[in-house]
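Participant: Okay, handing you the structure first.
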Amino acid sequence: MANERPFERLLVTGGAGFIGSCYVRDVLGRRDGTRITVLDKLTYAGNEANLAPVRADPEMAARLTFVHGDIADADAVRPLVDAVDAVVNFAAETHVDRSILEPEAFLATGVIGVHVLLDACRAATGHPRFVQVSTDEVYGSVPEGHAREEAPLAPRSPYAAAKAAGELLVRSYVITHVVDAVVTRGANTYGPYHHPEKLIPLFITNAIDDLPLPLYGDGLQHRDWLYVSDHAAAVDHVLRHGIAGETYNVVGGAERANREVVTALLERLGKPWSLVREVEDRPGHDRRYAMDGAKLASLGWRAATTFEDGLAATVDWFVANEAWWRATKAGDWDGWYERQYGRRLANGRAAARDGV
Ligand code: NAD
Ligand code: DAU
């Protein structure tokens, strides 16, 4: 059964991150009656500044409560879940490269944390709906065609394995405890407030500073790109219209090779291809992600933003918001950058422009 409840009191976990904060900004901006509590651990990826547009509007700010905490902390989670109609779980460690170097936090949040949230939903008297925001990476690499929701889970990185484990916990709570839960599997998301560790914001911000752009392997890996406000809208659509126990692919409809993405962002910035360095590949690098979006389309949702429009808006946002991304490239950024890229860049080589 599709859920027809109004969902006016939401707990949004990971709401200070990239997609979660977009969800909070958009839902508070669009739905007058909705109140949101954000629960966020403020890891290196969480940033209260992502919620500044809400704070700047007194009417919206009055409908937002921020709680600094961990989804794996059952004592903190239970009363928050008890007070809402739905929990939308964006909280996760999200960078594949970090999961290769340090997987522990991925398991703590992606497995234990998801379990704590599910158990709190099971125990809550108001039977809140639970939305698990998952990823196309649970299908593993898709050499051809487009993965449908019933395809086997075949994760290939510690990040993807933790996300698949979270999904399986959801499934178990739906079947065993009749928790009202739905899962979304989103494609590669990009847009404003994207942490600069990821491909598109890393390359935009490095290019602004004329720093090298470390392209893994041959750069012919394919991703399907989804603009962030489309991803947030899809999650809200599934919250309100998804059928309990079901999983929905969220596609961008914009499959591109990494080289094509880099060419497009350099053109928008007016920066030269000579900044690109071919560097040692990511271990276990998934060659291609591609999903079939028919199931969510049948519920009436489609992405609204073309890749060309979304990328132009993203590049322009980073150009206009240097203070935001320079602050995220402070702190432990240099240590991370050296660890991930120091040797790669020292051994890297200029990348030929052809090969797309
Ligand atoms: P992000 O890394 O920008 O933000 C994650 C947020 O979760 C941060 O605010 C962080 O502080 C918070 N967090 C981490 N661990 C926590 C914990 N234990 N308790 C409470 N808060 C915690 O991530 P994102 O890119 O916005 O991704 C959000 C969700 O969407 C994730 O679940 C991710 O797996 C999924 N997803 C992301 C993409 C993408 O391309 N970015 C695509 C598909 C799915
Ligand atoms: O597909 C959904 C997933 O998309 C989300 O679940 C993840 O949370 C999100 O991080 C993203 O994962 P990817 O690994 O695909 O994104 P990333 O931006 O790290 O890399 C995109 C592509 O660019 C990938 O093929 C690796 C490549 N890349 C990435 C970086 C950071 C490079 O060539 N060089 C780089 O420095």
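The values are calculated or read from the model by the stated rules, or taken from the named source; none is laboratory data. Not measured: the values here are computed from a predicted model. All Cβ positions, even for glycine, are placed from backbone atoms using ideal geometry, and neighbour counts span all protein chains on display. The accessibility values were calculated without ligands, DNA or RNA, using every heavy atom of the protein model including side chains. Shrake-Rupley method; radii C 1.70, N 1.55, O 1.52, S 1.80 Å.
Participant: Take Ile175 and Arg78, extend 7 Å from each Cα along the Cα→Cβ direction, and tell me the distance between the two endpoints in nm.
Facilitator: Result: 2.8 nm between the two label points.
Participant: How much of the DSSP bridge set in the chain is antiparallel, in percent, rounded to the nearest 5?
Facilitator: The antiparallel fraction comes to roughly 15 percent.
Participant: Length gain on complete extension for the stretch Ala327 to Arg30, per 0.36 nm per residue less the alpha carbon to alpha carbon distance?
Facilitator: The span from Ala327 to Arg30 would gain 104.0 nm if fully extended.
Participant: If one computes the Cα centroid of the range 50-76 and of the range 99-174, what distance in Å separates the two points?
Facilitator: 24 Å
Participant: Enumerate by residue number the GluC sites (Glu not before Pro) in the range 119-175 meeting two conditions: DSSP loop (anything except H, G, I, E, B), and at most 10 other Cβ atoms within 10 Å of the site's Cβ.
Facilitator: Glu144, Glu150
Participant: Would you work out what percent of the accessible area of the range 97-188, with all protein chains in place, is carbon or sulfur (probe 1.4 Å)?
Facilitator: 59 percent
Participant: A follow-up question, please. Whole Å is fine, so just give me how far the alpha carbon centre of the range 294-356 lies from that of the range 231-284.
Facilitator: Cα centroid to Cα centroid, the span is 9 Å.
Participant: Ordering Ser298, Ser21 from largest to smallest accessible area (1.4 angstrom probe), what's the sequence?
Facilitator: Descending order: Ser298, Ser21.
Participant: Any idea of Asp334's accessible area? Nearest 10 Å², probe 1.4 Å.
Facilitator: 110 Å²
Participant: Stick to Cα atoms and the Kirkwood definition of Rh, then tell me Rg/Rh for the range 279-353.
Facilitator: That ratio is 1.09, to two decimals.
Participant: Val81: net charge of surrounding residues, Cβ under 13 Å, Lys/Arg +1, Asp/Glu -1, itself excluded?
Facilitator: -2
Participant: Additional query: What Kirkwood radius, in Å to one decimal, follows from the Cα pairs of the chain?
Facilitator: After inverting the mean inverse Cα-Cα distance, the result is 20.6 Å.
Participant: Can you give the Rg to Rh ratio for the range 132-290, taking only C-alpha atoms and Rh from Kirkwood?
Facilitator: 1.02
Participant: Would you calculate a helix-derived [θ] at 222 nm for the chain, using -39,500 (n - 2.57) for each DSSP H run of n ≥ 4 and dividing by the full residue count, to the nearest 500?
Facilitator: Result for the chain, helices only: -11000 deg cm²/dmol.
Participant: Could you tell me the relative contact order of the range 123-202? Use alpha-carbon pairs under 8 Å, at least six residues apart, and round to a whole percent.
Facilitator: It rounds to 41 percent for the range 123-202.
Participant: Explain nothing, just the number: dipole magnitude of the chain about its Cα centre with +1 on each Lys and Arg Cβ and -1 on each Asp and Glu Cβ, in debye rounded to the nearest 20.
Facilitator: That gives a dipole near 120 debye.
Participant: When only DSSP loop residues count, what chymotrypsin sites (Phe, Trp or Tyr not before Pro) in the range 1-55 have their Cβ near at most 11 other Cβ atoms within 10 Å?
Facilitator: none
Participant: Hey, another quick one. Let me check against my output: what whole-number percent is the relative contact order of the chain, with C-alpha pairs under 8 Å and at least 6 apart?
Facilitator: 18 percent
Participant: For the range 123-268, what is the relative contact order in percent, using Cα pairs closer than 8 Å and at least 6 residues apart in sequence?
Facilitator: It comes to 29 percent, rounded to a whole number.
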